[in-house]
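Participant: Pasting a structure here, questions to come.
The values are calculated or read from the model by the stated rules, or taken from the named source; none is laboratory data. In this text, all values refer to a predicted model and were calculated from it rather than measured experimentally. Quick reminder, even Gly has a Cβ in these numbers, built from the backbone with ideal geometry, and neighbours come from all protein chains shown. Protein only, heavy atoms only, side chains kept; ligands, DNA and RNA dropped before computing areas. Shrake-Rupley method; radii C 1.70, N 1.55, O 1.52, S 1.80 Å.
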Amino acid sequence: MKNDTNAGFGTRAIHAGQEPDPTTGAIMTPVYLTSTYVQAAPNQTKGYDYSRTCNPTRTALEQNLAALEGGTWGLAFASGMAAIHCVLNLLQSGDHVIAGNDLYGGTFRILRTLYAKFGIDTTFVDLTQPKQLDAALRPQTRLVLLETPTNPLLRCCDLAAIARRCKQAGVMTLADNTFATPWLQNPLALGCDLVVHSTTKYLGGHSDVVGGVLIGSDPELRPKLAHFQNSCGGTPGPMDCFLVLRGTKTLHVRMQRHCENALAIARWLETHPKVERVHYPWLKSHPNHAIAKKQMRAGGGMVSVELKATVAQAKKVASSMHLFALAESLGGVESLVDHPTSMTHASIPAEERRRAGLQDGLIRLSVGIEDRDDLIADLEQALAKVK
Ligand SMILES: *Cc1c(COP(=O)(O)O)cnc(C)c1O
């Protein structure tokens with residue numbers, strides 16, 4: 001019952017992959033701080049031989065996250081980038097990748113600066129426009145890497161339609177579900193082949209750990225990816241796994257509040273005289289509102305805003321907040337503010353950013369779960385800095 005894949009989201013979040021410790025009854029999964037495991041005879045193990053290959057705390061986390069995304073398996077990594085790197089290692093020289101043109105700066109960087117030199121070419125397109133995907137497909141295309149909502153413009157592409165198109169073309173789809181979390185949307189159920197998360201963000205949820213995970217249902221993909229995970233060794237330690245596992249227990253409750261606060265803030269910002277435009281999928285003014293409503297449960301905790309201000313003034317606003325801390329990253333219980341073009345997205349060349357519609361005056365908010373009125377008051381005093 002507790003590990004039933006049909007159980008509700010909250011039940012799975014708290015119980016999936018976790019049984020009381022058989023030796024003591026400890027209700028919390030122990031942190032197995034061990035590098036190796038004693039064998040009764042050569043190769044006679046209890047399923048564990050060396051902690052790069054497997055560790056019981058990691059196994060619990062992998063099973064828990066697989067259950068939340070509706071996958072049959074999960075593989076945990078030391079960071080979100082290590083997880084993405086693992087998928088890219090399925091490719092070989094001459095292969096072609098299509099990626100969204102508004103995506104995490106580190107993902108752009110690994111494709112452009114690391115994989116390009118191994119002869120793997122990437123075309124960046126606006127995946128909210130199906131015609132752009134069709135135009136970019138080549139016989140050599142092996143992978144479509146997408147984010148929805150995108151970072152930082154929060155555009156939403158149609159997961160089911162893209163998965164269907166890629167299946168026809170024999171192309172694998174990898175959905176970065178970091179911004180949405182499995183509580184808001186499940187790309188595997190909509191036909192995608194693989195899901196990646198930076199567990200650093202909402203899954204961990206407390207800004208105290210860096211991690212990543214891959215989740216899928218294809219039994220043939222798992223051993224290929226697990227082989228790479230073990231061979232290259234970008235695996236998380238047991239303490240990191242424990243922290244993410246502790247985070248996921250409250251994911252559904254945190255996300256509900258993140259979404260309520262973000263929607264209230266997005267609506268408030270939309271009426272503010274110093275605001276040019278608010279990007280939030282749950283606003284009727286959002287260009288992909290209909291598709292967001294179709295595939296998501298709520299609008300998420302991220303809000304991006306273009307101010308009627310110079311770039312210098314926008315930076316001033318970002319630096320003038322008291323509750324919203326000026327920092328990279330997102331998805332923790334505390335609110336953060338980011339100036340993407342000088343911080344999280346600085347690794348994307350200015351021309352490329354402009355083409356994707358990323359303005360220098362844009363500010364990105366990771367709305368936390370503090371009291372809404374305090375957050376709005378903080379935004380109000382910071383916006384008063386724009387004269
Ligand atoms: C943070 C992030 C990543 C990278 O994850 P790390 O844990 O920082 O390596 C990838 N994709 C998205 C959408 C992210 O926000």
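Participant: Would you list the helices (runs of 4 or more DSSP H) that sit entirely within the stretch 245-336 and hold 3 or more residues that are more than 30 Å from residue 64 (Cβ to Cβ) and not basic (Lys, Arg)? Reasoning before the result, please.
Facilitator: Numbers: elements: 251-270, 289-295, 311-319.
The helices (runs of 4 or more DSSP H) meeting that bar are 251-270, 311-319.
Participant: Let me ask something else about it. Specify which of the listed residues (351, 260, 306) is open to solvent by 30 Å² or more (accessible area, probe 1.4 Å) and under 29 Å from residue 185 (Cα atoms).
Facilitator: Details: 351 fails: under 29 Å from residue 185 (Cα atoms); 306 fails: open to solvent by 30 Å² or more (accessible area, probe 1.4 Å).
Residue meeting the stated conditions: 260.
Participant: Of the residues 60, 26, 7, only one is outside any loop (DSSP other than H, G, I, E, B) and either more than 30 Å from residue 344 (Cα to Cα) or open to solvent by less than 70 Å² (accessible area, probe 1.4 Å) (or both); which?
Facilitator: Working: 26 fails: outside any loop (DSSP other than H, G, I, E, B); 7 fails: outside any loop (DSSP other than H, G, I, E, B).
The match here is 60.
Participant: Cβ-Cβ below 8 Å, separation at least six or inter-chain, first residue in the stretch 203-221 and assigned to a strand (DSSP E or B), second among the hydroxyl-bearing types (Ser, Thr, Tyr): which pairs?
Facilitator: 212/79; 212/198; 212/199; 212/200; 213/199; 216/72
Participant: Any chance you could count how many residues in the stretch 285-303 are open to solvent by 10 Å² or more (accessible area, probe 1.4 Å) and touching a helix residue (DSSP H, G or I) at 6+ places or on another chain (Cβ under 8 Å)?
Facilitator: Initial filter on the stretch 285-303 (open to solvent by 10 Å² or more (accessible area, probe 1.4 Å)): 285-291, 293-298.
Going one step further and asking which of them are touching a helix residue (DSSP H, G or I) at 6+ places or on another chain (Cβ under 8 Å), we end up with 285-286, 295-298.
Count: 6.
Participant: Moving to a separate point now. Only one residue in 176, 193, 208 is modelled with pLDDT of 95 or more, assigned by TED's automatic domain parsing to the domain that holds residue 98, under 12 Å from the mean Cα position of the chain (by Cα) and among the acidic types (Asp, Glu), so which one is that?
Facilitator: Step by step, each of 176, 193, 208 is checked, and only 176 is modelled with pLDDT of 95 or more, assigned by TED's automatic domain parsing to the domain that holds residue 98, under 12 Å from the mean Cα position of the chain (by Cα) and among the acidic types (Asp, Glu).
Participant: Right, another one. Would the stretch 193-211 turn up any residue that is away from the ligand (no atom under 15 Å from the Cβ) and touching a helix residue (DSSP H, G or I) at 6+ places or on another chain (Cβ under 6 Å)?
Facilitator: Our first condition is that a residue be away from the ligand (no atom under 15 Å from the Cβ); within the stretch 193-211, this holds for 193.
Keeping just the survivors that are touching a helix residue (DSSP H, G or I) at 6+ places or on another chain (Cβ under 6 Å) gives none.
Within the stretch 193-211 (the criterion being away from the ligand (no atom under 15 Å from the Cβ) and touching a helix residue (DSSP H, G or I) at 6+ places or on another chain (Cβ under 6 Å)), the answer is no, since none of the residues qualifies.
Participant: Among 350, 309, 298, 325, which is within 19 Å of residue 157 (Cβ to Cβ) and among the hydrophobic types (A, V, I, L, M, F, W, C)? Even if it seems obvious, please write down each step before you answer.
Facilitator: Numbers: 350 fails: within 19 Å of residue 157 (Cβ to Cβ); 309 fails: within 19 Å of residue 157 (Cβ to Cβ); 325 fails: within 19 Å of residue 157 (Cβ to Cβ).
Going through 350, 309, 298, 325 in turn, the sole match is 298.
Participant: Turning to a different aspect of this structure: Output the residues belonging to the stretch 179-227 that are over 17 Å from residue 107 (Cβ atoms), among the polar types (S, T, N, Q) and open to solvent by 10 Å² or more (accessible area, probe 1.4 Å).
Facilitator: 186, 207, 217
Participant: Inspect the stretch 305-322 for any residue being within 16 Å of the ligand (Cβ to nearest atom) and out of contact with any Pro (no Cβ under 7 Å at 6 or more places or on another chain) and give the result as yes or no. Step through it out loud before you land on a result.
Facilitator: Taking the stretch 305-322 first, the residues within 16 Å of the ligand (Cβ to nearest atom) are none.
Within the stretch 305-322 (the criterion being within 16 Å of the ligand (Cβ to nearest atom) and out of contact with any Pro (no Cβ under 7 Å at 6 or more places or on another chain)), the answer is no, since none of the residues qualifies.
Participant: Please determine whether any residue of the stretch 154-170 is open to solvent by 30 Å² or more (accessible area, probe 1.4 Å), closer than 24 Å to residue 291 by Cα and touching a Leu at 6+ places or on another chain (Cβ under 7 Å).
Facilitator: Yes, the conditions are met somewhere in the stretch 154-170.
Participant: Here is a further query. Would you say residue 244 is under 19 Å from residue 97 (Cβ atoms) and buried (at least 22 other Cβ atoms within 10 Å of the Cβ)?
Facilitator: Values: under 19 Å from residue 97 (Cβ atoms): no; buried (at least 22 other Cβ atoms within 10 Å of the Cβ): yes.
For residue 244, the condition - under 19 Å from residue 97 (Cβ atoms) and buried (at least 22 other Cβ atoms within 10 Å of the Cβ) - is not met.
Participant: Do you know which residues across the stretch 354-375 are surrounded by 15 or more Cβ atoms within 10 Å (Cβ to Cβ) and assigned to a helix (DSSP H, G or I)?
Facilitator: Selection gives 372, 375.
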